[in-house]
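To start, the structure itself, in structure tokens.
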Amino acid sequence: MTDAASREARLAGLTCREADWAGLRVVVTGLGVSGFAATDALLEYGAQVHVVDAKVPEPDTQMAQRAQILEVLDAHLHLGDGAEQSLPVPADEIDLVVTSPGWPPHQPLLAAAAAAGIPIWGDIELAWRMRPRAGGAPWLLVTGTNGKTTTVQMLTSMLRAAGLRAASAGNVGTPVLDLVQDPEPYDVIAVELSSFQLHWSHSLRPQAAACLNIAPDHLDWHGSLEEYARAKGKVYANAEIACVYNEQDPATRRLVEEADVVEGCRAVSFTLGSPGPSMLGLVEDVLADRAFVEDRATTAAELGSLEDLRGDAPSVAPHLVANALAAAALARAHGVPPVAVRDGLRAWQPEPHRIAHVATAGDVHWIDDSKATNPHAAEASLTAHEHVVWVAGGLLKGADVDELVAAAAGRLRAAVLIGRDREQIAAAIARHAPDVPVIDVAATDTGAMDLVVRHAASLAVPGDVVLLAPAAASMDMFDNYGARGDAFAAAVHRYLQEG
């Protein structure tokens, strides 16, 4: 048997934490949260690990703390500019590369590993293979261009309302490796997966999986929309009970049709319309299930209502309803009863900066959706409201906003534009909504958002929504989308107090 064949045979046997990991020679790329979790787990099971990162940790930072811990555990650290440009040791001394999800396939170290025939796993693939041999919690997977985090959090709330020990992990928050190694086992894990993580995953076997939507994103990483969609479609591979897709997004249906699943796995869709058999949808204001009931042809189960979703918001955005239906489908696939779906929706609280209600004054509603960092997400926010003063702009990252503006044109009362690429949005408004007033805010200092809010307030009339849904990334003016949303909310409160 050749060395490559021997290596492949050994890796094929690493399917649980009880397998023989001792002496496995691994390179881990990245010293972030996922890279640290992967290295720590591999060292615990006896692997020899080299960690590579282009950054040298600043003193008294979390990265510095991680580096110190891993050095104590006998990891070999290769840090600093240029460290990521090549393999840290000869290729014949490496059995496996475990990569952090943000590293693209064309990155030099990963390209060198692939050229040398070294298998590459992501952190999610490693976590799947480090589950216990018996009693491991089933996984419910969620991906999509937008809405992943909200859907996973709704799903976790439903699972907990059913009395299950459940947690969410993956693309944001807790690394899945931490959960699969928890000494107190979980009943079920809801996993949010990015296209990056799916690209590096090979053997996942979810109990059920959902792709919420497909829109152009991360094309610089994947190379094309087709490759991006293909990565998203991997969420359905080997699904056991249900492949959940968006009836309004034909691309998600195609991914289900192309998926290689376990015999007996069902296709279940969600829709904002009235559901047919094997669907979840809306009957007036009721969330209805015609997929996980005994007689799908003639009956439906009531899962909750729009009122259960609304909370303090003036209305329920359609994409939130879609997220709730997708989460409900996954929960029902796991056996959660309808009452737990309803109770989970009532208990769910949206994350900050995701259609967050900031204030209402003079019948004008101020909404922070700073998390809408691409046109697809912004369109979902804009179409949720009848009349909008739109606060937008930032780094478009090459995204086209014409389709977004054309779809929302009839809802725009006015627009207040900020950030580096605001002129592109202004040009799209001039093409598709020429009568909509546009105010250009060129300021980039800390007082810029106060100016934005004053302009927005002067344009809004009673019944309007002033909506921060930038359709762009934030790093031209802010540390992240959270800082942008915080600045908007603080400026709104200052303005209202002054008034």
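Values as computed for the structure displayed
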| item | result |
| --- | --- |
| Residue in the stretch 251-274 that is charged (D, E, K, R), open to solvent by 10 Å² or more (accessible area, probe 1.4 Å) and under 30 Å from residue 463 (Cα atoms) present | no |
| Long-range neighbours under 7 Å by Cβ, at least six apart or interchain, first residue under 12 Å from residue 496 (Cα atoms) within the stretch 353-370, second surrounded by 24 or more Cβ atoms within 10 Å (Cβ to Cβ) and among the acidic types (Asp, Glu) | 358/368 |
| Residue 178 vs. criteria at pLDDT 90 or above and within 18 Å of residue 332 (Cα to Cα) | no |
| Those residues of the stretch 1-57 which are under 26 Å from residue 193 (Cβ atoms) and basic (Lys, Arg), in sequence order | 17, 55 |
| The stretch 56-68 - residue that is open to solvent by less than 100 Å² (accessible area, probe 1.4 Å) and in a helix (DSSP H, G or I) and, of those, farthest from residue 28 (Cα to Cα) | 64 |
| Complete set of residues in the stretch 424-451 that are in a helix (DSSP H, G or I) and more than 16 Å from residue 471 (Cα to Cα) | 430, 431, 432, 448, 449, 450, 451 |
| Candidate set: the stretch 27-45, residues that are under 19 Å from the mean Cα position of the chain (by Cα) and not hydrophobic (A, V, I, L, M, F, W, C); chosen: the one surrounded by the fewest Cβ atoms within 10 Å (Cβ to Cβ) | 32 |
| All positions within the stretch 381-399 that are closer than 14 Å to residue 428 by Cα and modelled with pLDDT of 90 or more | 390, 392, 393, 396 |
| Positions within the stretch 454-474 being within 18 Å of residue 352 (Cβ to Cβ), modelled with pLDDT under 95 and not in a strand (DSSP E or B), in sequence order | 474 |
| Conditions (1) over 27 Å from residue 345 (Cβ atoms); (2) open to solvent by 50 Å² or more (accessible area, probe 1.4 Å); (3) touching a residue at least 60 places away in the same chain (Cβ under 8 Å); (4) not small (Gly, Ala, Ser); number of the one not met by residue 183 | (3) |
| First in the stretch 442-464 and closer than 17 Å to residue 367 by Cα, second anywhere and assigned to a helix (DSSP H, G or I), Cβ under 6 Å, 6 or more apart | 449/487; 449/488; 449/491; 450/491; 453/491; 453/492; 453/495 |
| Selection within the stretch 186-213 - open to solvent by 10 Å² or more (accessible area, probe 1.4 Å) and under 21 Å from residue 163 (Cα atoms) | 186, 187, 207 |
| Matching entry among 335, 344 (being over 22 Å from residue 495 (Cα atoms) and open to solvent by 10 Å² or more (accessible area, probe 1.4 Å)) | 335 |
| Number of positions in the stretch 332-380 that are under 22 Å from residue 269 (Cα atoms), of a type in the set (Gly, Ala, Ser) and at pLDDT below 95 | 2 |
| Leading residue by the ranking (farthest from residue 485 (Cα to Cα)) among those in the stretch 414-447 that are basic (Lys, Arg) and open to solvent by 60 Å² or more (accessible area, probe 1.4 Å) | 431 |
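Residues checked against (1) within 14 Å of residue 378 (Cβ to Cβ); (2) of a type outside the set (Lys, Arg):
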{"site": "441", "(1), (2)": "no, yes"}
{"site": "447", "(1), (2)": "no, yes"}
{"site": "457", "(1), (2)": "no, yes"}
{"site": "469", "(1), (2)": "yes, yes"}
{"site": "476", "(1), (2)": "no, yes"}
{"site": "484", "(1), (2)": "yes, no"}
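The values are calculated or read from the model by the stated rules, or taken from the named source; none is laboratory data. From a predicted model like this one, the values you see are computed outputs, not experimental measurements. Every residue, glycine as well, gets a Cβ built from its backbone with ideal geometry; the counts of neighbours run over all protein chains shown. Note: areas computed on protein heavy atoms with side chains; ligands, DNA, RNA excluded. Shrake-Rupley method; radii C 1.70, N 1.55, O 1.52, S 1.80 Å.
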